[in-house]
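Colleague: Below you'll find the structure I mean.
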Amino acid sequence: MSTSARRRISAVMVAAGLLGGAFAQPTAASAATTCYGGAVNWTYNGGTKDIGPYRASPRCRDINLKTNGGQVVACVVFIDHTNNCNTHPEPDIFGATWAEVATDVIDGTRFVVRVFEYGGNTSESGKLAF
């Protein structure tokens, strides 16, 4: 085989490797789908309820919550460290779109999501992705 033929074959192999690497890397959209694709269902029937316990996974960097239509007040409690909400000064209100309850959570961290009544809403359900 001539030197120029070997160079052409090498160039084609390098180009194929570069393209293969580009296709193998996940996009931001697929990472988000994977995170939300692993979501679990939750229900709330009044008062204060701890949903979980769960362990943070490598699917998501955050703990994400959404309801099936209503609104709830919620916070995260990192149960191996405290029994208190990890929010300052108050837990946040969450609704029917995905929202972060906690950010930059280390994989394997154990937690519950504490849900409280909001505006007389004593029954709600939704999804939790982590």
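The values are calculated or read from the model by the stated rules, or taken from the named source; none is laboratory data. It should be emphasised that the depicted structure is a prediction, and the values quoted were computed from it without experimental measurement. Cβ atoms come from the backbone with ideal geometry, glycine included; neighbour counts cover every protein chain shown. Note: areas computed on protein heavy atoms with side chains; ligands, DNA, RNA excluded. Shrake-Rupley method; radii C 1.70, N 1.55, O 1.52, S 1.80 Å.
Colleague: Using the Kirkwood radius built from alpha carbon pairs, what does the Stokes-Einstein equation give as D for region 27-130 at 20 °C and 1.002 mPa s, in µm² per second?
Modeller: This corresponds to a translational diffusion coefficient of 157 µm²/s.
Colleague: When only Cα pairs under 8 Å and 6 or more residues apart are kept, what is the percent relative contact order across region 31-130?
Modeller: 48
Colleague: For Ala56, what is the net charge nearby, where nearby means another residue's Cβ is under 13 Å from its Cβ and Lys, Arg count +1, Asp, Glu -1?
Modeller: -1
Colleague: Using the Karplus curve 6.51 cos²θ - 1.76 cosθ + 1.60 with θ = phi - 60°, what ³J(HN,Hα) values do you get for each residue of region 107-112, in whole Hz, with x for Gly and Pro?
Modeller: Result, ordered by residue: 3, x, 5, 7, 7, 10 Hz.
Colleague: Run the quick spin-label model on Ser125 and Asn45: label points 7 Å from Cα toward the beta carbon, then report their separation in nm to one decimal.
Modeller: Taking the two extended label points, one gets 1.2 nm.
Colleague: So, counting K/R as plus one and D/E as minus one, what does the shell of residues with Cβ under 15 Å around Thr43 add up to?
Modeller: +1
Colleague: How much of the accessible area of region 46-92, probe 1.4 Å, is carbon plus sulfur, in whole percent?
Modeller: 43
Colleague: Then there's this: Could you state the accessible area per residue of region 35-90 in Å², with a 1.4 Å probe and every protein chain left in place?
Modeller: Using a 1.4 Å probe on heavy atoms only, each residue of region 35-90 averages 56 Å².
Colleague: Please compute the alpha carbon radius of gyration of region 50-108, then divide it by the globular-protein estimate 2.2 N^0.38 Å. Two decimals is fine.
Modeller: 1.11
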